[in-house]
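Before any comments, here is the structure.
The values are calculated or read from the model by the stated rules, or taken from the named source; none is laboratory data. All values derive from a computational prediction rather than experimental measurement. A quick note on method: Cβ atoms are made from the backbone with ideal geometry, for glycine too, and the neighbour counts reach across all protein chains shown. These area figures cover heavy atoms from the full protein model, side chains too; ligands, DNA and RNA do not enter into them. Shrake-Rupley method; radii C 1.70, N 1.55, O 1.52, S 1.80 Å.
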Amino acid sequence: MARRRQIERLNGIARIWAETGPTSRFLIGTLIVAAIGLVGLTPKTLFNTELVWPYATFVAAVGWGRSGLGLRPMAVLILFGFAQDVSAYAPLGCFGFINLATFGASSAIARAFDRDRNPLISTIAPVVLYAVAFLLVWLFASFSGNHLVQLAPLVNVFVVTYILHILIAPVFDLGRMVGPLTGKLT
């Protein structure tokens, strides 16, 4: 009986989310990324071990990119990128570029493949997108530091970011599907 009520409650939440428009979904996703980012600015240690914090903007870029290119997600990803640059002492524009590259690649994959119907693509695409994003982070960090940055910390952040993706990726689905390109090829 308790299990049945729990399933009905989850179905109700799913129904409410399905009825929510793209703007509301976008705002909710933006608030979640901002909250995760703000909490990430605080010291994170547990039993004298430093905790790894995910890049929630990458999760947002991958999720919003599935719905196609849009000006609002790009503007927010640029703003979050500047915040990441400041908090990570990176050159201004690095994370904005990485966020936009991830967003564009996610949109291109969504346009090329039907990710909703192909579980292999919907599982592999985020891993590939995160791998490319973290490769760009590593390259920017290495070039700006004039030495090769260690990969182990970035791999740890990659794993934690993918776990966050597994947990909250549906929040960043704006409910729109990418259609064919409009216009005429000459």
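With all protein chains in place and a 1.4 Å probe, the accessible surface of segment 21-64 carries 71 percent carbon and sulfur.
Within 14 Å, Cβ to Cβ, of Ile32, how many net charges do the neighbouring residues add up to if Lys/Arg are +1 and Asp/Glu are -1? Net of charged neighbours comes to 0. Sorting the segments 100-112, 135-147, 161-173, 33-45 by their mean number of nearby beta carbons within 10 angstrom, highest to lowest, gives 100-112, 161-173, 135-147, 33-45. For segment 40-110, the Cα gyration tensor yields ellipsoid semi-axes of 26, 14, 9 Å (square root of five times each eigenvalue, largest first, whole Å).
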